[in-house]
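Before any comments, here is the structure.
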């Protein structure tokens, strides 16, 4: 659906996209994640043909976004960052303006996004959340093959955010390809089949959210209270595969507090050990990292001095690309 | 829970919709008549100033006004004030605001061809001028009367060429200037001298030599002469008319090439 090779873009000598390769397959929801200034938006603007790359190639549904824009753009639905509609344009007029011959029934979409009562409202009178929902309606209006959503849920309250997520899930069910640009990592983790992590215009890594978490933040932490002898259990746990350290703190009068840190398998290993000892602690807690932790570790690794043999960047980027 | 009902694109029946240009023109005309800047500068300002200025010199024929009724001299001049207001203020501010707020990006991403936006702005500007001109004549008629038109063809040609030229200049300014504020500042700076020296201010005969020389070469003066002289039968204004047609053609070509979404 989308094939990008060697994409470069600079503004006034400052490189914002640097040799980016990415692929989006038909029916996938792919997220581009990274901090502000990572080059995410410029990358998707090149994909949409809104910016001319300095070098590299971009193909979207087999078409060149610049040379074949007239054929391509009717197949794209876009929700752009930092864009607006004229303040005095009403919702129904916006629908009439953007609807093509392929358009679906606008009333259904407006109802689904809670805007049916706002049909006659001017864009300038709408809240930030309503505007975002209207942009989504416009992005989906013409049955696009590829939907590009840039900072999808910016300005939405939690309930509206959940509704928009559900709409994106529905797009997945319908087989629509979605390219999602976000720095909301819980959003990327919840919605995306694959994510592409960018920093300073470069792709650091890509893969399924769970894969990235396992790759860059594969640790786990297990905490529990232990009523018996701490020394003996501590010694046992330290010899357990995957355990990196065991901390024992004063807990309550009846029990000491164990914290076991290690690879993800320590969850099962500690559980098994506790079952073997016939003690299921009521306060057992497990902490595992999410995509945000993985991205932070990935970014920290990228900004650390190079370490040839173990650098996650050099090890892993090629694995998924 | 939100769900999006979809139909496979291949099975969707195409329905009749207007072309992109027509949809843009429809939306832009609606927006234009809701815009306070348009209402103020293109509709209200020329009418109010025409009522004041045209009534300031009495109704007797005056040598400074080519021995005509000064009120009629101004009524025949003021149609070009709205042409200038549309081209120098309304359109530049409108288009620059669109660029600044990302509206043009949204149009581009939605697949509106570059020329469709230019065509829409041209059409919107011309419609605005026609409607504002009709309003001005409707107000002038009961107060001062509308002078008879001596040469319809030349007047219409002068108005049309002037309108196309100034609208094209407006589109060009809007595509060059990066913010609505700068467009407004530049637009006002261009508009008021043109208005005072080229159309709605004192007649050239009462100006000093230096000002008269400057006024003579202002584009708005050329448009005003191309309209007023054949209207009032005080000349053919062939020279100004040719100059206005050439300026309009050049402005249209340059702005059409420069206009980008």
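Every read-out reported here was derived from the displayed coordinates using simple, explicitly stated rules and does not represent laboratory data. What you are looking at is a predicted structure, and each value in this text was computed from that prediction instead of being measured. Neighbour counts run over all protein chains shown; Cβ positions are idealised from the backbone, glycine included.
Relative to the dominant Cα principal axis of chain B, helix B:180-198 is inclined by about 20°. Annotation for residue B:49 and residue A:127: the two label points, set 7 Å from Cα along the Cα-Cβ direction, are 4.5 nm apart.
Any idea how far the Cα center of the stretch B:151-215 sits from the one of the stretch B:223-261, in Å? About 11 Å separates the Cα centre of the stretch B:151-215 from the one of the stretch B:223-261.
The spacing between the stretch A:140-216 and the stretch B:29-59, judged by their C-alpha centroids, is 51 Å.
Against chain B, whose longest principal axis is taken from its Cα atoms, helix B:219-232 shows a tilt of about 60°. Taken over the alpha carbons of the protein assembly as shown as equal point scatterers, the Debye sum produces base-10 log I(q)/I(0) values at 0.07 Å⁻¹ of -0.59. The mean sequence separation of alpha-carbon pairs under 8 Å and at least six residues apart, normalised by the residue count of the stretch B:19-258, gives a relative contact order of 28 percent. Across the stretch A:270-303, the residues whose backbone nitrogen lies under 11 Å from the label position 7 Å along the beta-carbon direction of residue A:240 are A:270-277. Among B:70, B:142, B:219, the largest mean-square fluctuation in a Gaussian network model of chain B, built with springs joining Cα atoms closer than 10 Å, belongs to B:142. With a 10 Å cut-off around each Cβ of B:101-107, the average count of Cβ atoms from other chains is 6. Counting Cβ atoms of other protein chains within 10 Å of each Cβ in A:73-84 and taking the mean gives 4. Among A:225, A:12, A:207, the residue with the largest mean-square fluctuation in a Gaussian network model of chain A, with springs joining Cα atoms closer than 10 Å, is A:12. Both radii are taken from the alpha-carbon atoms of the stretch B:19-258; with Rh as the Kirkwood radius, Rg/Rh is 0.98. The alpha-carbon atoms of the stretch B:52-133, seen along their principal axes, cover 59, 19, 17 angstrom, with the largest extent given first. So, R0 is 41 Å and r is the distance between the beta-carbons of residue B:253 and residue A:162; what FRET efficiency does that work out to, to 0.05? It comes to 0.20. Per-residue mean of foreign Cβ neighbours for B:32-44 is 1 (Cβ atoms of other chains, 10 Å radius). Projecting label points 7 angstrom from Cα along Cα→Cβ for residue B:40 and residue A:290 puts them 4.8 nm apart. Springs between Cα atoms under 10 Å define the GNM used for chain A, and in it the highest mean-square fluctuation of A:286, A:16, A:178 occurs at A:286. Is the stretch B:152-261 rounded, prolate or oblate when judged by the Cα gyration tensor, a ≥ b ≥ c being the square roots of its eigenvalues, rounded requiring a/c under 1.5 and prolate requiring a/b larger than b/c? Judged from the Cα gyration tensor, the stretch B:152-261 comes out oblate (a/c at least 1.5, b/c at or above a/b). Dividing the summed -39500 (n - 2.57) terms of all DSSP H runs of n ≥ 4 by the residue count of chain A sets its mean residue ellipticity at 222 nm at -10500 deg cm²/dmol. Taking chain A as the reference, fit the longest principal axis to its C-alpha atoms, fit the long axis of helix A:291-303 to the helix C-alpha atoms, and give the angle between the two in degrees, 0 to 90, nearest 10. Orientation of helix A:291-303: about 90 degrees from the principal axis. Classification of the stretch B:197-251 by its C-alpha gyration tensor yields an oblate form. The axis ratio a/c (a ≥ b ≥ c) is 1.5 or more, and b/c is at least a/b. To the nearest 0.05, how large is the calculated FRET efficiency for residue B:212 and residue A:119 if R₀ is 45 Å and r is the Cβ-Cβ distance? Given R0 = 45 Å and the Cβ-Cβ separation, E is 0.20.
Separation of the stretch A:30-44 and the stretch A:71-94, taken as the distance between their Cα centroids, equals 21 angstrom.
What shape does the stretch A:65-140 have by the C-alpha gyration tensor, where a ≥ b ≥ c are the square roots of the eigenvalues, rounded means a/c under 1.5, and otherwise prolate means a/b greater than b/c and oblate the rest? In terms of gyration-tensor shape, prolate.
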